[in-house]
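Please read the structure below before turning to the comments.
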Amino acid sequence: MTSLTLLINHSTTDSPVGTGGVDWISVDPNNDSFIFSTGSASGQGVSDGDTLPNETLLNRYAVQLSASAPVVVPKYFLAQASSSLLKECKLAGNQNKQYVFAAQFSGPTATEPMLEAWDNMNMSSALIDALGAGTPNSSWYQAITTNSGVPGANWVGVKLAGAGIANVLLMNDGAGALTAAGVLYFNFKIVIPAGYLTPNLATPTLAIVYTTN
């Protein structure tokens, strides 16, 4: 059976998996999580290499909302359980970078892998504010494939919310199932709309969905 390993680029070098000197870190789906934040100065609690932050620190360095302009979340961290440290995905977000997140497949797939976003681990609803509150095209969560190159400055991706082709990311660029082992690349960002002024703690589930023969 084909297995999947999700990796993040923990370096500032925009180069693929397997490049010498580039720190690609595998994600443990059972224990790790992602933290999206405005971040702190180095060593102040929510920066690369800090110990996993408590709720007070997460609130202190939460993203500040705006009544007049959309807010792009600036910092994307892996909360790595094995080390109890934050590992920043340094090229993630609204950056014109190609090799940011990598989905590494050990063999072929029967269907095209898709990146989806849901309210919960059961993948049964997508109704929280961050996923559009029932209007998928209003989701704050955006992703774009970067298999063929950089996504462009201020890229606009697929707005993730539940199932349905319009709101999932076809990770092989719509070319269908993988015919052999390989790596698919994507970038991801969160854009909070202008005028959303309600403090919110969102904990959606991001899932890569595929089937095998």
| request: Could you tell me which of the residues TYR141, TYR99, TYR196, TYR185 is surrounded by 14 or more Cβ atoms within 10 Å (Cβ to Cβ) and touching a Lys or Arg at 6+ places or on another chain (Cβ under 8 Å)? | output: TYR141
| message | For the structure I just gave you, tell me whether ASP50 is touching a residue at least 12 places away in the same chain (Cβ under 8 Å), within 24 Å of ALA130 (Cα to Cα), touching a strand residue (DSSP E or B) at 6+ places or on another chain (Cβ under 6 Å) and among the acidic types (Asp, Glu). | response | no
| message | Which count do you get for residues in region 1-46 that are over 30 Å from PRO199 (Cβ atoms), outside any strand (DSSP E or B), at pLDDT 95 or above and hydrophobic (A, V, I, L, M, F, W, C)? | response | 2
| said: Can you tell me which condition GLY164 does not meet? The list is (1) modelled with pLDDT of 95 or more; (2) more than 18 Å from VAL72 (Cα to Cα); (3) among the small types (Gly, Ala, Ser), and all the others hold. | reply: (1)
| query | Which is in contact (Cβ under 8 Å) with a residue 60 or more places away in the chain, closer than 18 Å to HIS10 by Cα and either touching a strand residue (DSSP E or B) at 6+ places or on another chain (Cβ under 8 Å) or of a type in the set (D, E, K, R) (or both), of ALA130, ALA103? | reply | ALA103
| From ALA180, ALA207, ALA143, ALA117, which residue is of a type in the set (Gly, Ala, Ser), closer than 18 Å to PHE36 by Cβ and touching a Pro at 6+ places or on another chain (Cβ under 7 Å)? | ALA117
| message | If a residue must be over 17 Å from the mean Cα position of the chain (by Cα), within 26 Å of ASP28 (Cα to Cα) and in contact (Cβ under 8 Å) with a residue 12 or more places away in the chain, how many such residues does region 63-89 contain? | response | 4
| said: Can you pull out every residue in region 161-176 that is surrounded by 11 or more Cβ atoms within 10 Å (Cβ to Cβ), closer than 22 Å to PHE105 by Cα and free of Cβ contacts under 8 Å to residues at least 60 places away in the same chain? | reply: ALA163, VAL168, LEU169, LEU170, ASP173
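Give the residues of region 24-55 that are more than 15 Å from the chain's Cα centre (by Cα) and surrounded by 14 or more Cβ atoms within 10 Å (Cβ to Cβ), sorted by residue number.
THR38, GLY39, SER40, GLY45, VAL46, SER47, ASP48, ASP50, LEU52, PRO53
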| query | Checking PHE77 against (1) surrounded by 15 or more Cβ atoms within 10 Å (Cβ to Cβ); (2) out of contact with any Cys (no Cβ under 9 Å at 6 or more places or on another chain), which single condition isn't satisfied? | reply | (2)
| request: Please enumerate the residues belonging to region 114-125 that are crowded, with 21+ Cβ neighbours inside 10 Å and over 12 Å from the mean Cα position of the chain (by Cα). | output: TRP118
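The values are calculated or read from the model by the stated rules, or taken from the named source; none is laboratory data. Everything quoted here is computed from the prediction, not taken from an experiment. When we count neighbours, we look across all protein chains shown, and the Cβ atoms used for this are built from the backbone with ideal geometry, even at glycine.
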